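Q: Quick one: structure below, then a few questions.
The values are calculated or read from the model by the stated rules, or taken from the named source; none is laboratory data. For clarity, every value in this text was computed on a predicted model and none was experimentally measured. Every residue, glycine as well, gets a Cβ built from its backbone with ideal geometry; the counts of neighbours run over all protein chains shown. Side chains are part of the model used for accessible areas, which takes the heavy atoms of the whole protein and leaves out ligands, DNA and RNA. Shrake-Rupley method; radii C 1.70, N 1.55, O 1.52, S 1.80 Å.
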Amino acid sequence: MQASIHERSPTPDRPGKRPRLEKEGESIGADSLGASHLDSIDIENALTVTASAQQKPKQSKKKTRKIKHVAIEPYSSDDVLYHDIIALLKKERKEPEDEWDSPVPIGTEIELTVSELSSTGDSLSILPAPYRPWTVAVPFALPGERIRARVFRHARLVSYADLVGVESPSDELRDMSLVKCQYFGKCAGCQYQMMSYEDQLKFKKKVVDKAYENFSELLPELVPSALPTIASPKNYGYRTKITPHFDVPPKRRKTGENADKPWDVRIGFGEKGRRAVLDIEECPIATEVLNEALGPIREDVKRRFDTYKKGATLLLRDSLVRPKPDEVEAGSEAMESLTEGFEKHVCITDYHALIRERVGDFLFEYPAGSFFQNNNSVLEPLTAYVREAVLATETLPTHLVDAYCGSGLFSITLSPHFSRVAGVEISKESIEYAKHNAKLNKIPEDKCTFHAGKAEAIFDSVKDFPAAQTVIVVDPPRKGCDLAFLNQLISFGPAAVVYVSCNVHTQARDVGIILKETENKYKLESLRGFDLFPQTAHVESVAILRKL
Ligand SMILES: C[S@@+](CC[C@H](N)C(=O)[O-])C[C@H]1O[C@@H](n2cnc3c(N)ncnc32)[C@H](O)[C@@H]1O
């Protein structure tokens, strides 16, 4: 379908207008998956052609400015998007062109046909002729749709634009009756509520496949196609932790301007494409107890708003009610009888209070402010998948190394199948709780050991582990593994590596390093996405590597 372009004057100044444009490579809002904002247009209404679309297009007076060349940080969402763009423009770009010179000015309103969903969750469209090959990233739009969008910033080979309207929605992919959140289309948190859950899972499989194509530097024949994404048992009401925040306007506080008027208190999440907080009264992807608690917590902040000198982040975390510490001893039978069948959930707001979760038959406790996976409903399938993968060999492994172990999720859930388990984690507090959790689950002290330190330090403590019977589970933060760790892992030479990651792009890089550095002594046996974050563009990826 031939796309047409309507160019408009830049949006005039208006209350709440977009603040300064961010520097290149810097993302805005709570979400770093590109940037966009749906102005005052509700996404449901955006499905009908608005009057402004039929007005005579005006040429923007703003000159196209050359964008400053700023290095894109490798494996950042800008880099991931850039790789998608290069693949998309492959056919269009006959000669190398200036990648930093946008052909459309800021403020231009364009009509586009969406080519694809990028790995970052924004849609990507190619500017139609006579423009030279250039893309436009627009949120909340789907492949095949004809949309109108207003450009608000440029980056390398891409202009970011707000979705102004969907002229012809995708019959195949868009179903607005599925949207459960009144803030969808404005909040930076969710990208996919208008799609069926099956389609979300299919897109996430593509993200895993593309990540290995673009970032592993492996020959295609060494990379299996990703297996279908495993669904989250809950796709709404699953988030066990939310962190709404609020700002206190500094200028007003300084000058006392409007001091007699009530505060405009906004407590919520980042607004898509703005450095602003969107006032949020409920979040349908969060669990029920968190939503029940959110109202009173918001009221309390509003009541005391005068007392805040600066903004703050609130913590709401779902926890099972735990027995009082003086009632029972950790690991005792009394503790078990108190907790068995007693699954009342509460909302915890104190960063230092203990959270209690159940994963299958195991109990976990950890301080509310520390790391734990945020979707409890998918943790049993995830840990079961890892368990089945490590045990799917003729010679059963006997030893497990859990690198980046947090408070012991994989060590503890996999421990019944190993004679020795060693976990390593940089946070001393998490290690303390990994030890506590081993005790809570009655795992003998000499079976599971936990070490506080950098992941690579573990190899000094597992010199007596037989490499041929050892499996290493690796679950690093978004930036992936340090080279020091990968080098040690390679020299140790475990029987299998299970690499779990919330950033499939750094995972692809690290898996590529392991395969290349060992000259293919390992086989990338399988790749599979797990949906820990339904309604969003994020995917958790599990790669299984087996020594040949
Ligand atoms: C994605 S979390 C995984 C935690 C755990 N596997 C779980 O699922 O609960 C990554 C963990 O790596 C830890 N970490 C970050 N850098 C590290 C490093 N260089 N060495 C060891 N642990 C590190 C963080 O503190 C965090 O607990």
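Q: Of the residues that make up the range 175-196, is at least one among the aliphatic types (A, V, I, L, M) and either over 30 Å from E109 (Cα atoms) or more than 20 Å from the chain's Cα centre (by Cα) (or both)?
A: Yes, the range 175-196 contains a residue that is among the aliphatic types (A, V, I, L, M) and either over 30 Å from E109 (Cα atoms) or more than 20 Å from the chain's Cα centre (by Cα) (or both).
Q: Kindly establish whether P296 is at pLDDT below 95 and surrounded by fewer than 17 Cβ atoms within 10 Å (Cβ to Cβ). Don't jump to the end; show me each part of the working.
A: Numbers: at pLDDT below 95: no; surrounded by fewer than 17 Cβ atoms within 10 Å (Cβ to Cβ): yes.
No; evaluated as a whole, the condition is false for this residue.
Q: How do the strands (runs of 3 or more DSSP E) wholly within the range 144-242 filter down when requiring 1 or more residues that are surrounded by fewer than 17 Cβ atoms within 10 Å (Cβ to Cβ) and touching a residue at least 40 places away in the same chain (Cβ under 8 Å): which remain? Break it down stepwise before answering.
A: Working: elements: 146-155, 158-168, 227-230.
Correct list: 227-230.
Q: Pairs only if they're at least six apart or on different chains, beta carbon under 7 angstrom, first in the range 419-441 and closer than 10 Å to H451 by Cα, second assigned to a strand (DSSP E or B) and of a type in the set (S, T, N, Q); list them, first residue then second.
A: A422/T449
Q: Considering only residues that are in contact with a strand residue (DSSP E or B) (Cβ under 8 Å, 6 or more places away or on another chain) and among the basic types (K, R), look in the range 433-449 and name the one that is nearest to the ligand (Cβ to nearest atom).
A: Top of the filtered list is K435.
Q: Give the range 413-448 a look and list any residue that's under 25 Å from the mean Cα position of the chain (by Cα) and hydrophobic (A, V, I, L, M, F, W, C), or say none.
A: Within the range 413-448, V424, I426, I431, A434 qualify.
Q: Please determine, by comparing only the residues of the range 379-402 that are hydrophobic (A, V, I, L, M, F, W, C) and farther than 17 Å from I412 by Cβ, which one is nearest to the ligand (Cβ to nearest atom). Show your work before the answer.
A: Step one: list which residues in the range 379-402 are hydrophobic (A, V, I, L, M, F, W, C), which gives 379, 382, 384, 386, 389-392, 396, 400-401.
Pick out the ones that are also farther than 17 Å from I412 by Cβ and you get 389, 392, 396.
On the way: A389: 16, A392: 21, L396: 22 Å.
Filtering the range 379-402 for residues that are hydrophobic (A, V, I, L, M, F, W, C) and farther than 17 Å from I412 by Cβ, the one nearest to the ligand (Cβ to nearest atom) comes out as A389.
Q: Return the pairs, sorted by first residue and then second, in which the second residue is open to solvent by 30 Å² or more (accessible area, probe 1.4 Å) and acidic (D, E), the first residue lies in the range 370-383 and is farther than 10 Å from V359 by Cβ, the beta carbons are less than 6 Å apart, and the residues are 6+ apart or on different chains.
A: Filtered contacts from the range 370-383: S370/E429.
Q: Can you give me the number of residues within the range 257-280 that are without any contact (Cβ under 8 Å) to a residue 40 or more places away in the chain and open to solvent by 20 Å² or more (accessible area, probe 1.4 Å)? Walk me through it before giving the result.
A: First, pick out the residues of the range 257-280 that are without any contact (Cβ under 8 Å) to a residue 40 or more places away in the chain: 257-262, 264, 266, 277, 279.
From the residues that got through so far, the ones that are open to solvent by 20 Å² or more (accessible area, probe 1.4 Å) too are 257-262, 264, 266, 279.
Adding up the residues that qualify gives 9.
Q: Counting only residues that are surrounded by 14 or more Cβ atoms within 10 Å (Cβ to Cβ) and of a type outside the set (G, A, S), which one in the range 455-465 is farthest from the ligand (Cβ to nearest atom)? Step through it out loud before you land on a result.
A: Kept after step one, since they are surrounded by 14 or more Cβ atoms within 10 Å (Cβ to Cβ), are these residues of the range 455-465: 455-459, 461-462, 465.
Remaining after also requiring of a type outside the set (G, A, S): 456, 458-459, 462, 465.
Values: E456: 8, I458: 8, F459: 12, V462: 14, F465: 18 Å.
The residue in question is F465.
Q: Here is a follow-up. Quick one: which residue in A468, A452, A484 is surrounded by fewer than 21 Cβ atoms within 10 Å (Cβ to Cβ), more than 25 Å from E213 (Cα to Cα), within 16 Å of the ligand (Cβ to nearest atom) and modelled with pLDDT of 95 or more? Steps first, please.
A: On the way: A468 fails: within 16 Å of the ligand (Cβ to nearest atom); A484 fails: more than 25 Å from E213 (Cα to Cα).
So the residue among A468, A452, A484 that is surrounded by fewer than 21 Cβ atoms within 10 Å (Cβ to Cβ), more than 25 Å from E213 (Cα to Cα), within 16 Å of the ligand (Cβ to nearest atom) and modelled with pLDDT of 95 or more is A452.
Q: Quick one: is A422 of a type outside the set (K, R) and either within 15 Å of the ligand (Cβ to nearest atom) or not assigned by TED's automatic domain parsing to the domain that holds K523 (or both)?
A: Values: of a type outside the set (K, R): yes; either within 15 Å of the ligand (Cβ to nearest atom) or not assigned by TED's automatic domain parsing to the domain that holds K523 (or both): yes.
The answer is yes for A422.
Q: Which condition number in (1) touching a helix residue (DSSP H, G or I) at 6+ places or on another chain (Cβ under 7 Å); (2) more than 8 Å from the ligand (Cβ to nearest atom); (3) farther than 27 Å from L315 by Cα is the one that L363 fails?
A: Of everything listed in (1) touching a helix residue (DSSP H, G or I) at 6+ places or on another chain (Cβ under 7 Å); (2) more than 8 Å from the ligand (Cβ to nearest atom); (3) farther than 27 Å from L315 by Cα, L363 misses just condition (3).
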